[in-house]
Amino acid sequence: MTRSEEIDLEIRNQAVRLYPKCVALFELPMMVYTQIMMDNSTRKKPFRVSEARIRRTIGTMPEFQ
């Protein structure tokens, strides 16, 4: 698994986990971004992601179509 695939998988996992807590779908990318940044403090190699990449990844998920 490449680093890019690993990051996309983490975005998908966080999106599915945080979805029940968000009021509207447009809030989800910022919630996922915040959670990944908080988790980066415990990672040996932190994930470098942008909110735009998270929004793009969530947009391709069939769960949120």
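Over the chain, accessible surface divided per residue gives 69 Å², non-protein components excluded, 1.4 Å probe.
Near MET37: Cβ cut-off under 11 Å, other residues only, Lys/Arg at +1 and Asp/Glu at -1. The net charge is 0.
Rounded to the nearest 0.05, the FRET efficiency derived from the C-beta distance between ARG17 and GLU51 at R0 = 22 Å is 0.80.
Screening the chain for DSSP H helices whose Cα atoms reach 24 Å or more along their own axis and whose mean Kyte hydropathy is at least 0.5 gives nothing. Shown for the chain: the carbon plus sulfur share of the solvent-accessible area, taken with all protein chains present and a 1.4 angstrom probe, equals 57%. Normalised Debye scattering of the chain at q = 0.22 Å⁻¹ gives log10 I(q)/I(0) of -0.89, counting only Cα atoms as equal scatterers and leaving out solvent. Exposure here means at most 16 other Cβ atoms within 10 Å; with trypsin sites (Lys or Arg not before Pro) in a DSSP loop as sites, the longest stretch of the chain lacking them is 1-42. Each Lys and Arg adds +1 at its Cβ and each Asp and Glu adds -1 at its Cβ; summed about the Cα centre, the chain shows a dipole of about 220 debye.
The values are calculated or read from the model by the stated rules, or taken from the named source; none is laboratory data. Keep in mind the model is a prediction, meaning the values are calculated, not measured. Cβ sites come from the backbone with ideal geometry, for glycine too, and all protein chains shown count toward neighbours. These accessible areas exclude ligands, DNA and RNA; they are computed on the full protein's heavy atoms, side chains included. Shrake-Rupley method; radii C 1.70, N 1.55, O 1.52, S 1.80 Å.
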